[in-house]
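These notes concern the structure reproduced below.
The values are calculated or read from the model by the stated rules, or taken from the named source; none is laboratory data. Here the structure is a predicted model, which means the values were calculated and not measured. Cβ coordinates were reconstructed from backbone atoms using ideal geometry, including for glycine residues, and neighbour counts include every protein chain displayed.
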Amino acid sequence: MADNEQKTLGPQALAAIRARIQHVFVLMLENRSFDHMFARSGIPGIRAATPSNVNSYNGADYPFQGNAPGQMPTDPGHEFEDVVEQLCGQGVTYQRGEPYPPINNSGFAANYATSTTENTGLPTSQEIDLIMRGIDTKNQTPALYQLATEFVLCDAWHSSLPGPTWPNRYFIHGASSAGLDHSPSEADLLEWESVSGFTYPKGSIFDALGSGKYRLYHDETGPVPGRVPQVSSLKGISFFEIRNLSELEGDLKGEYPYRYTFIEPTYGDIINDTYENGSSQHPMDGFDGGDQLAAKVYNALRNSPLWEKSLLIITYDEHGGFYDSVSPEAAPPPNDGAGASLNAHGFDFSVYGVRVPAIIVSPWVVKGVDHTRYDHSSVLATIERLFDISPLTDRDKNANDVLSLITSERREDCMERIPG
């Protein structure tokens, strides 16, 4: 597979791909790093952490190892300030107007040791090493393991900024977060979700596609407050146009003219900050709901008339505070004219976020590992180049797309169903 940069597709190659891929589906889970999810998977050829990757805190060394629990005892920090320390070292801070500090991935243990939430408090001294552990992928997330080994696992997909969930999710919809570099306040969320809507200076991918060209789904299970999809905060997107995931299988078997489909999990108990009974794979909840969600989406698409002309991308919004061994590189800022009102830290978006898992699924891809550098704006770059849409910002304009993974031969060996 490709290494870091991808080849540019010529007009004939692009035309051939457009004939094969007519629908793009995206499922975005949350808060897990690539090494946490896949370093211990045994999948050959991936760039992954080993016990030689060590963080130190308070005189103790914490090497990367296995046996990570699915459900964490406390919620790891992943706000902008947390990620600066995780990537750059204990006590390091970001100075407004200055370049991002040098990155060495040395502060994950120190940050987790001092991360506290109102409900869970600090981790115990025996729990600090959990942030430096990888899961047993095959047994803890069997559906995702099957998808990663049967299709394409990307080991250089990064979140779009070194920060939390909300701005990273905004990047997948607009190749920008309109300057937002932190978790929005409750007042902001109330305004965006019920009054004005979150607005991009250059619009969202849904604006660019136009009405009738996209469809939105969310998992409607679990506690009611956790069923509110983040995408409904966007200007022009109504909560009432987002369909329940239970309708997906039937919808795909009928007339389905939509070029792009975005699927969101349910977030569990967000009122008490436990996130339990969700399907996002939040660290405080566990893996089962999200793994079953991935299986449901794959099974619905695989057993529909759209399978032979579709591409499914499964990824995570950000790393959730978990260790990753690959340092983020410099990133092109969106340069979309976003104001400073949402920019709490003065961050200029010139650095990618921490590496997260991503799996590319289609009968037109060869199973393997792809080393091409991607971020969430690569979803937009893929859609834009596939459907001849102009880029929204400088980030998606310069992003690698996944179209070079599409081959000229359709596979006939794709598994028909994943248990789940």
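Does segment 81-96 include one or more residues that are in a loop (DSSP other than H, G, I, E, B) and touching a Leu at 6+ places or on another chain (Cβ under 9 Å)? Looking for residues that are in a loop (DSSP other than H, G, I, E, B) and touching a Leu at 6+ places or on another chain (Cβ under 9 Å), one finds none in segment 81-96, hence no. Of all residues in segment 14-70, which are of a type in the set (Asp, Glu) and in contact with a Pro (Cβ under 9 Å, 6 or more places away or on another chain)? The one that is of a type in the set (Asp, Glu) and in contact with a Pro (Cβ under 9 Å, 6 or more places away or on another chain): 30. Note on segment 400-416: residues that are assigned to a loop (DSSP other than H, G, I, E, B) and either within 19 Å of the chain's Cα centre (by Cα) or at positive phi (or both) total 3. Name the single residue, out of those in segment 192-230 being β-branched (Val, Ile, Thr) and surrounded by fewer than 21 Cβ atoms within 10 Å (Cβ to Cβ), that is farthest from the chain's Cα centre (by Cα). Filtering first and then ranking leaves 195.
For segment 231-255, the tally of residues that are assigned to a loop (DSSP other than H, G, I, E, B) and loosely packed, with under 15 Cβ neighbours inside 10 Å stands at 6. On the stretch given as segment 97-113, residues that are part of a loop (DSSP other than H, G, I, E, B), modelled with pLDDT of 95 or more and of a type in the set (Gly, Ala, Ser) total 2.
In this structure, residue 147 qualifies as buried (at least 21 other Cβ atoms within 10 Å of the Cβ), within 30 Å of residue 411 (Cβ to Cβ), touching a strand residue (DSSP E or B) at 6+ places or on another chain (Cβ under 9 Å) and modelled with pLDDT of 95 or more.
Within segment 260-295, the set of residues being over 16 Å from residue 216 (Cβ atoms) and in a helix (DSSP H, G or I) comprises 288, 289, 290, 291, 292, 294, 295.
Of the residues screened, residue 155 is not one that is over 20 Å from residue 290 (Cβ atoms), charged (D, E, K, R), in contact (Cβ under 8 Å) with a residue 12 or more places away in the chain and buried (at least 20 other Cβ atoms within 10 Å of the Cβ). Is it the case that residue 419 is crowded, with 16+ Cβ neighbours inside 10 Å and either at negative phi or outside any loop (DSSP other than H, G, I, E, B) (or both)? Against the criterion (crowded, with 16+ Cβ neighbours inside 10 Å and either at negative phi or outside any loop (DSSP other than H, G, I, E, B) (or both)), residue 419 does not qualify. Could you identify the single residue in 66, 77, 42 that is touching a residue at least 12 places away in the same chain (Cβ under 8 Å) and in contact with a Lys or Arg (Cβ under 6 Å, 6 or more places away or on another chain)? None of the others qualify; the one that does is 66. Taking helices (runs of 4 or more DSSP H) that do not extend beyond segment 135-184, which have at least 2 residues that are of a type outside the set (Gly, Ala, Ser) and farther than 18 Å from residue 374 by Cα? Ranges flagged: 137-140, 142-150. The listed residues are 277, 303, and the only one of them that is touching a helix residue (DSSP H, G or I) at 6+ places or on another chain (Cβ under 9 Å) and either closer than 30 Å to residue 412 by Cα or hydroxyl-bearing (Ser, Thr, Tyr) (or both) turns out to be 303. Residues satisfying the criterion are absent from segment 5-24 (criterion: within 22 Å of residue 139 (Cα to Cα) and surrounded by 14 or more Cβ atoms within 10 Å (Cβ to Cβ)). When segment 373-389 is filtered for residues that are surrounded by fewer than 21 Cβ atoms within 10 Å (Cβ to Cβ) and touching an Asp or Glu at 6+ places or on another chain (Cβ under 7 Å), only 385 remains.
Considering 137, 120, the condition of being under 18 Å from residue 283 (Cα atoms) and buried (at least 22 other Cβ atoms within 10 Å of the Cβ) is satisfied by 137 alone.
Of the residues in segment 253-274, at least one is among the polar types (S, T, N, Q), at pLDDT below 95 and either under 24 Å from residue 34 (Cα atoms) or touching an Asp or Glu at 6+ places or on another chain (Cβ under 6 Å) (or both).
The set of residues in segment 221-253 being among the acidic types (Asp, Glu) and within 17 Å of residue 193 (Cβ to Cβ) consists of 241 alone. Select from segment 192-219 the residues that are among the charged types (D, E, K, R) and modelled with pLDDT under 95 and list them in ascending order. Selection gives 193 alone.
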